[in-house]
1. Within segment 81-130, can you find the residues that are of a type outside the set (Val, Ile, Thr), more than 16 Å from LEU55 (Cα to Cα) and within 15 Å of the chain's Cα centre (by Cα)?
2. Only one of ARG112, ARG31 is farther than 30 Å from ALA150 by Cα, without any contact (Cβ under 8 Å) to a residue 40 or more places away in the chain and of a type in the set (Lys, Arg). Can you tell me which?
3. Could you say whether any residue in segment 98-105 is closer than 18 Å to SER5 by Cα, open to solvent by less than 30 Å² (accessible area, probe 1.4 Å) and among the β-branched types (Val, Ile, Thr)?
4. State whether one or more residues within segment 61-74 are without any contact (Cβ under 8 Å) to a residue 24 or more places away in the chain and assigned to a strand (DSSP E or B).
Amino acid sequence: MDLGSYADLAIELVNTQQRDADTLGDLDGLREVLAPHPHMVGRLAHRDLDAMRGLRAQLREIFVAADAGDEEGAIDRLNTLLIQHPVHPQVSGHDGLGWHLHVNEGGSIPDRFAARAAMGLAVKISDQGLDRLGVCRADGCGRVFFDATADRARRHCPRHHADRPNVAAHRSPRNGVTAEVPPD
Ligand SMILES: [Zn+2]
């Protein structure tokens, strides 16, 4: 398991809230967020929803601080999360997969999610830099993203990046491709 890939959990959770929408409003919304993750399925109570919403706010603050160039602020917040949700590694060898790493198989679902998301961000930032974290500037969006481009200058989430004039020009109907811009 590449621990850095757990950073996707952080992005996924933060993006359940945009400036004008929130899909983490109830337990059904939370079940939907967790459904693709087989290690995080189980009974959920309202306190889990509260915990996940709290975690979401903490994770967003990391992206907002990084996006604003406040490196110390972003790292302080991330380190706080790492202390609150320590990673417990376990080596496992089930289903003929050979020995491989699992983390935080025990504990509440929000704890497991938080430990993975914080660890994933920590690995990703250490490997690739804090300046890759961004917050989309498109109206009504506010989604966070990880900028994997070489110049690290992206200001819009992948969904709105296609809306940029220079990109839209390459995707005009004239060229046979229609730019898809979501209605938010
Ligand atoms: Zn966006």
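1. LYS124, LEU130
2. ARG31
3. The answer is yes; a qualifying residue exists.
4. There is no residue in segment 61-74 that is without any contact (Cβ under 8 Å) to a residue 24 or more places away in the chain and assigned to a strand (DSSP E or B).
Here's the yes/no breakdown for (1) modelled with pLDDT under 90; (2) within 16 Å of the ligand (Cβ to nearest atom); (3) open to solvent by 90 Å² or more (accessible area, probe 1.4 Å); (4) not basic (Lys, Arg):
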{"position": "CYS136", "(1), (2), (3), (4)": "no, yes, no, yes"}
{"position": "PHE145", "(1), (2), (3), (4)": "no, yes, no, yes"}
{"position": "CYS157", "(1), (2), (3), (4)": "no, yes, no, yes"}
{"position": "ARG164", "(1), (2), (3), (4)": "yes, yes, yes, no"}
{"position": "THR178", "(1), (2), (3), (4)": "yes, no, yes, yes"}
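The values are calculated or read from the model by the stated rules, or taken from the named source; none is laboratory data. As the structure is a prediction and not an experimental result, all values here were calculated from the model. Backbone-built Cβ (ideal geometry, glycine too); neighbour counts: all protein chains shown. These accessible areas exclude ligands, DNA and RNA; they are computed on the full protein's heavy atoms, side chains included. Shrake-Rupley method; radii C 1.70, N 1.55, O 1.52, S 1.80 Å.
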